[in-house]
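Trainee: Sharing a structure below in structure tokens format, with a few things to ask.
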Amino acid sequence: MKKIVVIGAGIVGLVVARELANYGFEVTIYDGKRSVEEGSDKASGILSKRGLELSGIRYKKSVINTLHGARLHFGRQTLNVNTEKVQAYVLDRGLMAKENYEAAKEAGVDVRLGNRLDIEGIRSMDDGSTVIIGADGAVSMVARAFSFPNIKDYILTYKAEYEGKGLVEDSGLVDLYFSKDFAKGFFGWIAPYSSAIAELGVGITEKSKKHSKMAFEVFTKSADLPLRLSNAKTIKEHASIIPVSSRPKTVKGNVLLVGDAAGQTKATTGGGIIFGIACAKVAAKSVYMNGKHGRKLSLYERDWRHSYGTDLKLHAALHSYYSTVSEKHMERFIGIAKALGAESFFSKYGDMDSPSLMLKRFFLRKMAK
Ligand SMILES: Cc1cc2nc3c(=O)[nH]c(=O)nc-3n(C[C@H](O)[C@H](O)[C@H](O)COP(=O)(O)OP(=O)(O)OC[C@H]3O[C@@H](n4cnc5c(N)ncnc54)[C@H](O)[C@@H]3O)c2cc1C
């Protein structure tokens, strides 16, 4: 049986390691963090209910809030996508990491925290037979060590948690603000954790050559935010980075990339957990099929793109559309879309993860009528 080394104990690394251990492999996972929760509040934890249920990860102890809809603000237009059912959960990322760290350990994974590997350390693991899995995030050292091609597009983020009266209008709704003034190529968001605590964040394209913290400051002074923040105090704040295009190549010899290291994220929202986990499972199966039946490891690339590439491309196309059109155009477009019933369409058929599933649901119901 081949030896497996996973670099990165983020959620995707923990899942790929657990899956491989369940296939019977000897798996060691390395991470520079001293505890598995460290740094987890740099990112948010909004995940679709359906995606989480299908993911097979542990999350029940990590849920801090439930969401039933979203308000998308484009200048003077607001698109309300609101349902009575729970659509998504807000998870505590630290607790989620902990739950899934336990799951990996129970499966027999040897987790070595406090081990940040440099390029030489990573290259030295390549003895020709060990399978190396880079699950080391957006700025992957594994990708650099083995000269994988670069990811083309990144979003720089800045987010802060606030607590105060008047901050949260409806704890079941996320607000997304689209404006080139503060969120060039992305958006600003308010995600409620409870009726008194919310996370505010902003993302900007790396190509804008601006600082995400400065964009965040502009965001907090725009729209209805000064009013909502007037009685709120900051709890903590973080800057981070999200890849929003997939890496052109994600397998080379015995080295595979998964999760943010492979750019397996939704370009529209930057959400990378559901697709990252789904691709981690494809990676684990590819390693298993290679070990058991000699199937080429390089087929991992074809398999994950075949299963999830269409949805990721649809997200990329939507992202590219709203990043390039003018605000006036977008405002007009939303006005027309609302008049044509876009709000009830998204409320009925919407899916946070899979635009292709949304279209399938729509056409199937139309055909059934
Ligand atoms: C502001 C923000 C908000 C987000 N919101 C959401 C959301 O609501 N929903 C969602 O689905 N996704 C969201 N994402 C994206 C999501 O956080 C990522 O897609 C996800 O964390 C990717 O997981 P990963 O395991 O691939 O990488 P990471 O979580 O980045 O984990 C990589 C791990 O590798 C380790 N590592 C890196 N280099 C080395 C090295 N050289 N040696 C050893 N260890 C190393 C790191 O310490 C880290 O633990 C958000 C991201 C950001 C920045």
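Trainee: Given (1) under 16 Å from the mean Cα position of the chain (by Cα); (2) at pLDDT below 95; (3) hydrophobic (A, V, I, L, M, F, W, C), identify the lone condition not met by A70.
Mentor: (1)
Okay, residues lined up against (1) without any contact (Cβ under 8 Å) to a residue 60 or more places away in the chain; (2) among the charged types (D, E, K, R); (3) touching a strand residue (DSSP E or B) at 6+ places or on another chain (Cβ under 6 Å):
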{"residue": "A9", "(1), (2), (3)": "no, no, yes"}
{"residue": "N22", "(1), (2), (3)": "no, no, no"}
{"residue": "E53", "(1), (2), (3)": "yes, yes, no"}
{"residue": "E84", "(1), (2), (3)": "yes, yes, no"}
{"residue": "L95", "(1), (2), (3)": "yes, no, no"}
{"residue": "Y101", "(1), (2), (3)": "no, no, no"}
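Trainee: Which condition from (1) within 24 Å of L256 (Cβ to Cβ); (2) in contact with a strand residue (DSSP E or B) (Cβ under 9 Å, 6 or more places away or on another chain); (3) modelled with pLDDT of 95 or more; (4) within 16 Å of the ligand (Cβ to nearest atom) is the one that A107 breaks?
Mentor: All conditions are met except number (4).
Trainee: Further question: Right, A239: touching a residue at least 60 places away in the same chain (Cβ under 8 Å), outside the structural domain of M141 (by TED's automatic domain parsing) and either assigned to a helix (DSSP H, G or I) or among the small types (G, A, S) (or both) or not?
Mentor: yes
Trainee: Would you check if there is a residue in the stretch 304-312 being of a type in the set (A, V, I, L, M, F, W, C), away from the ligand (no atom under 16 Å from the Cβ), crowded, with 18+ Cβ neighbours inside 10 Å and modelled with pLDDT of 90 or more?
Mentor: No, the stretch 304-312 has no match at all.
Trainee: Would you confirm whether or not the stretch 167-175 contains a residue that is among the charged types (D, E, K, R), touching a Gly at 6+ places or on another chain (Cβ under 7 Å) and part of a loop (DSSP other than H, G, I, E, B)?
Mentor: no
Trainee: Among what's in the stretch 263-314 and is among the β-branched types (V, I, T) and not in a helix (DSSP H, G or I), pick the residue that is farthest from G185 (Cα to Cα). Please lay out each step first, then the result.
Mentor: Let us first name the residues in the stretch 263-314 that are among the β-branched types (V, I, T), namely 265, 268-269, 273-274, 277, 282, 287, 310.
Now drop any that are not not in a helix (DSSP H, G or I), which leaves 265, 268-269.
Numbers: T265: 15, T268: 10, T269: 11 Å.
Ranking the qualifying residues of the stretch 263-314, first place goes to T265.
Trainee: Tell me whether the stretch 219-230 contains one or more residues that are out of contact with any His (no Cβ under 7 Å at 6 or more places or on another chain) and either buried (at least 24 other Cβ atoms within 10 Å of the Cβ) or more than 29 Å from L167 (Cα to Cα) (or both).
Mentor: yes
Trainee: Tally time: how many residues in the stretch 9-39 are within 13 Å of the ligand (Cβ to nearest atom), crowded, with 20+ Cβ neighbours inside 10 Å and either of a type in the set (A, V, I, L, M) or not in a loop (DSSP other than H, G, I, E, B) (or both)?
Mentor: 12
Trainee: Mind counting the residues in the stretch 151-165 that are surrounded by fewer than 21 Cβ atoms within 10 Å (Cβ to Cβ), within 21 Å of the chain's Cα centre (by Cα) and more than 14 Å from E206 (Cα to Cα)?
Mentor: Going through the stretch 151-165 one residue at a time, the tally reaches 2.
The values are calculated or read from the model by the stated rules, or taken from the named source; none is laboratory data. All values derive from a computational prediction rather than experimental measurement. Cβ: placed from backbone, ideal geometry, glycine included. Neighbour counts: every protein chain shown.
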